[in-house]
């Protein structure tokens, strides 16, 4: 009888973890529907269409706007712009458009691949063709938000299953 109660308790915990994970997804979706009027916040509406996308600098944007957006991405945006330094793997070609594209994409990939994470005051645009060149490889990922949720859900399910197994071994 005690074993049956432990199994039921474990299944309830597992169900709670699954429901909790689904609640996170619903909350995340509701929050992402509210636009935030800044250069490029890390939340926004997902624009995943048919797989992998990248964010690059929009051709034709003024040099001043590109420089301001690049400065923001490498500063407040906390993008690692080390590869854009002289001698770095993405330094050449040494153009503002190239450097801004690399920085924009890093920020975009690290902030959920959302359309607003590729805004940069209108200086960024989303593309479906890999902009990597030579030794400069642009990060790419499929829907990072759902991947993170899937990893989180799987972790919770594994933790619950482990608890059940431990309880059954004690009986």
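The values are calculated or read from the model by the stated rules, or taken from the named source; none is laboratory data. Just so we're clear, the structure is a prediction, and the values are computed from it rather than from any experiment. Using ideal geometry, Cβ is built from the backbone for each residue, glycine included, and neighbour counts are taken over all protein chains shown.
For the range 86-94, the criterion of being farther than 26 Å from residue 62 by Cβ and modelled with pLDDT of 95 or more is satisfied by at least one residue. Among what's in the range 51-75 and is surrounded by fewer than 19 Cβ atoms within 10 Å (Cβ to Cβ) and in contact (Cβ under 8 Å) with a residue 24 or more places away in the chain, pick the residue that is nearest to the chain's Cα centre (by Cα). Only one residue fits best here, namely 52. Of the residues making up the range 56-112, those that are assigned to a loop (DSSP other than H, G, I, E, B), within 16 Å of residue 137 (Cα to Cα) and touching a strand residue (DSSP E or B) at 6+ places or on another chain (Cβ under 7 Å) are 89, 90.
So is residue 140 outside any loop (DSSP other than H, G, I, E, B), touching a strand residue (DSSP E or B) at 6+ places or on another chain (Cβ under 7 Å), at pLDDT below 95 and closer than 21 Å to residue 77 by Cα or not? It would help to see each step written out before you state the result.
Numbers: outside any loop (DSSP other than H, G, I, E, B): no; touching a strand residue (DSSP E or B) at 6+ places or on another chain (Cβ under 7 Å): yes; at pLDDT below 95: yes; closer than 21 Å to residue 77 by Cα: yes.
Considered against the rule, which asks whether it is outside any loop (DSSP other than H, G, I, E, B), touching a strand residue (DSSP E or B) at 6+ places or on another chain (Cβ under 7 Å), at pLDDT below 95 and closer than 21 Å to residue 77 by Cα, residue 140 comes out as no.
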